[in-house]
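**Q** Attaching a single structure in structure tokens format; questions to follow.
The values are calculated or read from the model by the stated rules, or taken from the named source; none is laboratory data. All figures in this text were calculated on a predicted structure; none of them were measured in a lab. We place every Cβ from the backbone using ideal geometry, glycine too, and count neighbours over all the protein chains shown. For the accessible areas, the whole protein counts, side chains as well, though only heavy atoms, and no ligand, DNA or RNA atoms are used. Shrake-Rupley method; radii C 1.70, N 1.55, O 1.52, S 1.80 Å.
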Amino acid sequence: MNESNTAVIIGGGIMGSDIAAIFFAAGWNTQVVETNPAARGQLETAVPAAAKVAGIDHAGGSVRALASLSEIDWTGARLVIECVSEN
């Protein structure tokens, strides 16, 4: 990952993926940690699609879906947002 701004989103549910879409649309690299394999498998297409729904239809930053915290690349990380389920 390059040295540009990176946002790390912990939790890739509705809230986490929509927050990731905002950063993606603003040109940030986004890393979304989601432990659920089914949800994680959809993030790399769902995040750009959510940005498009918000009216931003151009390539922004990048999206990486990660299975665990240990996979995070902290290079360039400027912000971490926690969006895990509060069951």
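**Q** Look through region 63-87, keep the residues that are farther than 10 Å from VAL33 by Cα and among the charged types (D, E, K, R), and return whichever of them is least open to solvent (accessible area, probe 1.4 Å).
**A** Among those that are farther than 10 Å from VAL33 by Cα and among the charged types (D, E, K, R), it is ASP73.
**Q** Do you know which of the residues in region 5-18 that are out of contact with any strand residue (DSSP E or B) (no Cβ under 6 Å at 6 or more places or on another chain) and at pLDDT below 95 is most open to solvent (accessible area, probe 1.4 Å)?
**A** ILE14
**Q** A further question follows. With (1) farther than 19 Å from ASN5 by Cβ; (2) more than 12 Å from the chain's Cα centre (by Cα) as the list, and ASP73 as the residue in question, which single condition is left unmet?
**A** Condition (1) is where ASP73 drops out.
**Q** Any idea how many residues of region 33-61 are crowded, with 19+ Cβ neighbours inside 10 Å and either of a type in the set (Asp, Glu) or touching a residue at least 40 places away in the same chain (Cβ under 8 Å) (or both)?
**A** Of the residues in region 33-61, 2 are crowded, with 19+ Cβ neighbours inside 10 Å and either of a type in the set (Asp, Glu) or touching a residue at least 40 places away in the same chain (Cβ under 8 Å) (or both).
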